[in-house]
1. Spin-label point model (7 Å from Cα, Cβ direction): what's the residue 237 to residue 283 distance in nm?
2. Kindly give Rg over Rh for the chain, based on alpha-carbon atoms, with the Kirkwood expression for the hydrodynamic radius.
3. Divide by every residue of the chain the summed helix terms, -39500 (n - 2.57) for each DSSP H run of at least 4, and state the resulting mean residue ellipticity at 222 nm, rounded to the nearest 500 deg cm²/dmol.
4. Which percent, to the nearest 5, of DSSP beta bridges fully inside the chain are antiparallel?
5. Please work out whether the stretch 331-410 counts as rounded, prolate or oblate from its C-alpha gyration tensor, where a ≥ b ≥ c are the square roots of the eigenvalues and a/c under 1.5 means rounded, while otherwise a/b larger than b/c means prolate and anything else oblate?
6. Which of the peptides 93-104, 312-323, 395-406 is most tightly packed, and how do the rest follow, going by the mean number of other Cβ atoms within 10 Å of each residue?
7. State, in angstrom, two size descriptors of the stretch 289-440 derived from its alpha carbons: Rg to one decimal place and Dmax to the nearest whole number.
8. Report the far tail of the P(r) of the stretch 220-356, meaning the percent of Cα-Cα pairs longer than 23 Å.
């Protein structure tokens, strides 16, 4: 029996591929399937800390920028859950992370194209078939059954892996963990006498602040070690935020590789900064904590690079370097939380099958088209899109939730061969390229 040839199969179901599925669901143009190895949808479950909001406004949902009338917008979620008036009176553009996760789960529960508990183990290039396509090999995790599906195009949405320290292999999760596991191990942390958080971004500050607000015992110490020169806030200036627009992505993508890498350094306040409200809460907490000349039981040490970790009798030793003074030292602690970021997760089967077939900008970074296709060494009309490993190619907005909808519009229109959803243009008051500079 001949298998159905789907227009597209998505690998991984995070917010990006979930948004793609939601947009495809509202068209008659494409047939799609999406596979995810986890048994249900969960968005960063280890970091759904109470009182912490998204860093982007609620309009950066799965559909609004492409189709405000979609049933999968956040506004419709509020309406369906009788939360319109509470949200209206709350008067905040940003939404709690826990509510955003619930919104994503609500959307996922309505889409028949999503298949959880299914791990993609291989994607075979069927270039020589009468209709060139990809054979996607999927293993159902509960039964172990292997299934095969055909698709004209594939979208790689396999997310990211945590970045960890040298020496972490084999250490107990309740002692040394990445911030992605924070809530799972929080009670172990609160029972200890000394917790050190490593990192300088939003996640590090959220973990540190959450521990600080629940630090009830007088014998508990908290330390924050950051590699940056200080705790710098996110640049929320309106003109700076235009770096998260389709126009700026157009400009950035047309730059040469070395120019793009240099430009990313200038965009760090937009990418790695801390929300001003989080910093204000932290400073206020420390100010009240030290009123009456009381000790804060807190150490915040910037300009410190943690190079590796070693176990000792009563905890762990961190090998550190204050890079500005070029001073190396060791620091003892009982527990460690690494908010050290993530790196793109590229499946082994992908590297085995396609490493030599595609073009690379360097040994780790894909060469990508503007519409998010991998660039193959041969001409082909069956495309392989990627939603990960894009920052070097498409700029700071590659990880922005609002621009993810714009990215999905590009992918859908490319697959359909026509404009299914409007591509937003002329979205900024600034112009970035001299090619657009008018002459009189």
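Values in this text are rule-based calculations from the coordinates and carry no lab data. Fair warning: this is a prediction, and the values are worked out from it, not measured in the lab. Cβ: placed from backbone, ideal geometry, glycine included. Neighbour counts: every protein chain shown.
1. 1.8
2. Details: Rg = 23.3 Å, Rh = 23.8 Å.
Here Rg/Rh amounts to 0.98.
3. After summing the helix terms and dividing by the residues of the chain, the value is -8000 deg cm²/dmol.
4. Details: 37 of 71 bridges.
If I count the DSSP bridges inside the chain, around 50 percent turn out antiparallel.
5. Details: a/c = 2.86, a/b = 1.61, b/c = 1.78.
Taking the square roots of the gyration eigenvalues as a ≥ b ≥ c, the stretch 331-410 is oblate.
6. Numbers: 93-104: 18.7, 312-323: 15.2, 395-406: 22.1.
Answer by packing, highest mean first, reads 395-406, 93-104, 312-323.
7. Radius of gyration, then largest Cα-Cα span, for the stretch 289-440: 23.8, 75 Å.
8. The share of Cα pairs beyond 23 Å in the stretch 220-356 comes to 58 percent.
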